[in-house]
Amino acid sequence: MLNRRKVPAYRPDIYSTKAILDPYPHYARLRELGPVVWLTRQRVYALPRYAECKAALRDDTTFVSGHGVALNAVTNRLSRGTTLNSDGEDHDKRRKLVAHRLTPKALRAMSDAVTNQAEQVVAAAVAKRTVDGVSDLASALPLAIVPDFVGWPREGRDHLLTWAGATFDFLGPANKRSIRAFPASLQMLRFARQVVRERSALDRSMGHDVLAAVDNGTLKRSEVPPLMVDYLAPSLDTTISAIASGLHLFATHPDQWQAIRNDPSLIPNAVNEVVRIESPLRAFSRRTTRDVDIAGTTIPKGARVLVMYASANRDELQWTDPDTFDVHRDATGQLGFGIGAHTCAGQGLARMETQAILTALAKQVDTIRCTAPPTWGLNNIIHCFERLPLELIPAGKE
Ligand code: HEM
């Protein structure tokens with residue numbers, strides 16, 4: 001109860017369907033209320049501003065992940081054993097197991113394959129001319145790259161997007177959406193257990209490395225399935241979100257599209273700007289290990305704190321004109337990939353995929369046009385279009 005009365009409270013449910021479809025006005029009101037806001041519905045302390053989010057993410061001994069990063073106790077219990085949901089040495093051990101696969105050197109070795117695949121995906125979409133930006137472009141590349149990288153057997157791929165989406169939904173509060181997602185999320189874990197039992201992870205994949213760690217005694221067999229889900233689940237919808245949001249932003253900001261076509265060296269920063277302005281992950285939580293002062297507010301030990309990446313990335317105290325999409329701004333400080341010990345382990349790959357699609361499009365497409373209003377998907381955590389009807393006008397053919 002420490003200090004609760006001094007903390008401004010926010011009653012609207014930021015996980016309601018309406019708020020999920022249009023979150024930014026809620027985030028703006030939360031930031032206006034202060035650096036720490038009590039969310040009445042979820043009974044957690046929210047950090048809607050940039051400075052406090054960044055500080056909390058960097059202080060991983062006070063704001064821990066080992067008790068889970070979800071807003072419901074069931075997920076927090078079930079996700080024990082994942083990289084996301086561990087601290088200290090335990091966390092370091094898990095991250096190191098596959099870190100060699102995601103180093104800049106390892107990623108450079110994948111670069112040609114990703115570029116070729118992106119060019120094929122874009123060429124097929126350009127040939128169709130009218131496309132769904134989500135299924136024809138944004139999903140096609142991650143689905144062609146990531147399951148092989150993780151080593152997920154080919155026969156288990158039909159449900160991947162449903163399972164991965166459900167796994168994110170299930171990291172939200174205990175609302176109807178996360179309860180409905182529970183069976184699909186569990187199926188993903190069950191399938192991962194089957195992969196471990198049958199040792200069916202693809203050869204030379206990340207899954208294969210993790211199984212080898214069981215053989216040499218570094219890891220217990222029971223720890224492998226959560227680890228596989230740990231890498232597969234966050235690697236699809238997140239990147240799909242970034243690519244789809246990029247397509248929509250460039251379709252609705254033709255001057256920005258011409259800017260990157262004229263100067264493709266802007267593309268890496270454009271990816272940061274897309275992830276800043278339409279952050280694929282709304283928020284994750286932490287638990288405090290002690291009473292902690294945040295900008296004059298004491299948050300008690302054992303409290304749940306919501307770190308709002310998507311709100312921090314639109315904080316007017318941090319960014320000039322935060323609601324403006326501008327590929328020329330320095331967006332490197334965006335928090336969409338997190339920061340600190342748990343910073344996204346796969347961001348190099350996600351950046352490579354998103355850049356490869358934008359580079360291939362910039363070469364092949366003169367104009368991207370929205371042909372109908374897009375629809376947003378409904379998910380507690382992932383902010384992603386469900387449908388994005390587009391026309392791609394090939395270079396030199398308008
Ligand atoms: C645009 C795409 C992506 C975004 C925006 C994104 C975002 C994030 C964020 C915000 C976190 C931090 C979680 C925290 O603070 O607790 C994270 C962690 C993580 N991400 Fe990503 N991610 C993306 C793509 C990927 C990909 C492609 C992979 C796998 C190849 C991946 C694997 C992971 C893993 C394993 C963690 C947990 C790291 C840890 O706890 O140490 N992500 N991601």
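Provide a single number: the residues in region 373-393 that are farther than 26 Å from residue 169 by Cβ and out of contact with any helix residue (DSSP H, G or I) (no Cβ under 7 Å at 6 or more places or on another chain).
2
State all residues of region 207-223 that are of a type in the set (A, V, I, L, M) and surrounded by fewer than 24 Cβ atoms within 10 Å (Cβ to Cβ); if no residue qualifies, say none.
Scanning region 207-223 gives 211, 212, 213, 214, 219.
Answer yes or no: is there a residue in region 251-258 that is touching a Cys at 6+ places or on another chain (Cβ under 7 Å) and surrounded by fewer than 24 Cβ atoms within 10 Å (Cβ to Cβ).
Yes, some residue in region 251-258 is touching a Cys at 6+ places or on another chain (Cβ under 7 Å) and surrounded by fewer than 24 Cβ atoms within 10 Å (Cβ to Cβ).
Is it the case, given these coordinates, that residue 356 is modelled with pLDDT of 95 or more and within 11 Å of the ligand (Cβ to nearest atom)?
In short, no.
Hey, could you check region 301-353 for residues that are of a type in the set (Lys, Arg) and more than 9 Å from the ligand (Cβ to nearest atom) and say which is surrounded by the fewest Cβ atoms within 10 Å (Cβ to Cβ)?
That would be 301.
Report yes if residue 144 is within 19 Å of residue 226 (Cα to Cα), assigned to a helix (DSSP H, G or I) and not hydroxyl-bearing (Ser, Thr, Tyr), otherwise no.
no
Which one of the conditions (1) in contact with a helix residue (DSSP H, G or I) (Cβ under 8 Å, 6 or more places away or on another chain); (2) closer than 20 Å to residue 91 by Cβ does residue 187 fail to meet, given that it meets all the rest?
Exception for residue 187: condition (2).
Return the residues of region 251-279 that are within 16 Å of the ligand (Cβ to nearest atom) and over 16 Å from residue 365 (Cβ atoms); say none if nothing qualifies.
If the condition is that a residue be within 16 Å of the ligand (Cβ to nearest atom) and over 16 Å from residue 365 (Cβ atoms), then 268, 269, 271, 272, 273, 274, 275, 276, 277, 278, 279 are the ones that fit.
Filtering region 167-177 down to residues that are part of a helix (DSSP H, G or I) and touching a Ser or Thr at 6+ places or on another chain (Cβ under 7 Å), which residue is surrounded by the fewest Cβ atoms within 10 Å (Cβ to Cβ)?
Filtering first and then ranking leaves 169.
Filter the strands (runs of 3 or more DSSP E) completely within region 206-319 down to those with at least 2 residues that are not β-branched (Val, Ile, Thr).
In region 206-319, the matching strands (runs of 3 or more DSSP E) lie at 284-288, 304-307.
Looking at the structure I just gave you, is residue 45 surrounded by fewer than 20 Cβ atoms within 10 Å (Cβ to Cβ) and of a type in the set (Phe, Trp, Tyr)?
So residue 45 fails the test.
Checking residue 240 against (1) within 24 Å of the chain's Cα centre (by Cα); (2) modelled with pLDDT under 90, which single condition isn't satisfied?
(2)
Quick one: which residue in 77, 94 is free of Cβ contacts under 8 Å to residues at least 12 places away in the same chain and either within 11 Å of the ligand (Cβ to nearest atom) or exposed (fewer than 15 other Cβ atoms within 10 Å of the Cβ) (or both)?
Exactly one of 77, 94 is free of Cβ contacts under 8 Å to residues at least 12 places away in the same chain and either within 11 Å of the ligand (Cβ to nearest atom) or exposed (fewer than 15 other Cβ atoms within 10 Å of the Cβ) (or both), namely 77.
On the basis of being touching a residue at least 60 places away in the same chain (Cβ under 8 Å) and at negative phi, does residue 59 make the cut?
yes
I need the full set of residues from region 19-31 which are free of Cβ contacts under 8 Å to residues at least 60 places away in the same chain and in contact with a Pro (Cβ under 9 Å, 6 or more places away or on another chain), in order please.
19, 26, 29
Surrounded by fewer than 19 Cβ atoms within 10 Å (Cβ to Cβ), in a loop (DSSP other than H, G, I, E, B) and away from the ligand (no atom under 16 Å from the Cβ): does that describe residue 366?
Taking the combined requirement at face value, the residue does not satisfy it.
Could you give me the residue pairs with C-beta distances under 7 Å whose first residue belongs to region 361-389 and is of a type in the set (Lys, Arg), whose second residue is in a loop (DSSP other than H, G, I, E, B) and surrounded by 15 or more Cβ atoms within 10 Å (Cβ to Cβ) wherever it lies, and which are 6+ apart or on separate chains?
As it stands, the answer is 387/374, since those pairs meet every condition given.
Within the group 89, 32, 52, 119, which residue is buried (at least 21 other Cβ atoms within 10 Å of the Cβ), among the acidic types (Asp, Glu) and either in contact with a strand residue (DSSP E or B) (Cβ under 6 Å, 6 or more places away or on another chain) or outside any loop (DSSP other than H, G, I, E, B) (or both)?
52
Within region 97-110, can you find the residues that are surrounded by 13 or more Cβ atoms within 10 Å (Cβ to Cβ) and farther than 30 Å from residue 73 by Cα?
101, 102, 106, 107, 110, listed by residue number.
Inside region 225-250, can you point out the residues that are of a type outside the set (Ser, Thr, Tyr), more than 9 Å from the ligand (Cβ to nearest atom) and under 19 Å from residue 353 (Cβ atoms)?
Those that are of a type outside the set (Ser, Thr, Tyr), more than 9 Å from the ligand (Cβ to nearest atom) and under 19 Å from residue 353 (Cβ atoms): 244, 246, 247, 248, 249, 250.
Give me the residue from region 178-205 that is of a type in the set (Lys, Arg) and outside any helix (DSSP H, G or I) and, out of that set, modelled with the highest pLDDT.
Ranking the qualifying residues of region 178-205, first place goes to 199.
The values are calculated or read from the model by the stated rules, or taken from the named source; none is laboratory data. If you're wondering where the values come from, they're calculated on a predicted model, not measured in any experiment. Here the Cβ is made from the backbone with ideal geometry for all residues, glycine too, and neighbour counts use every protein chain on show.
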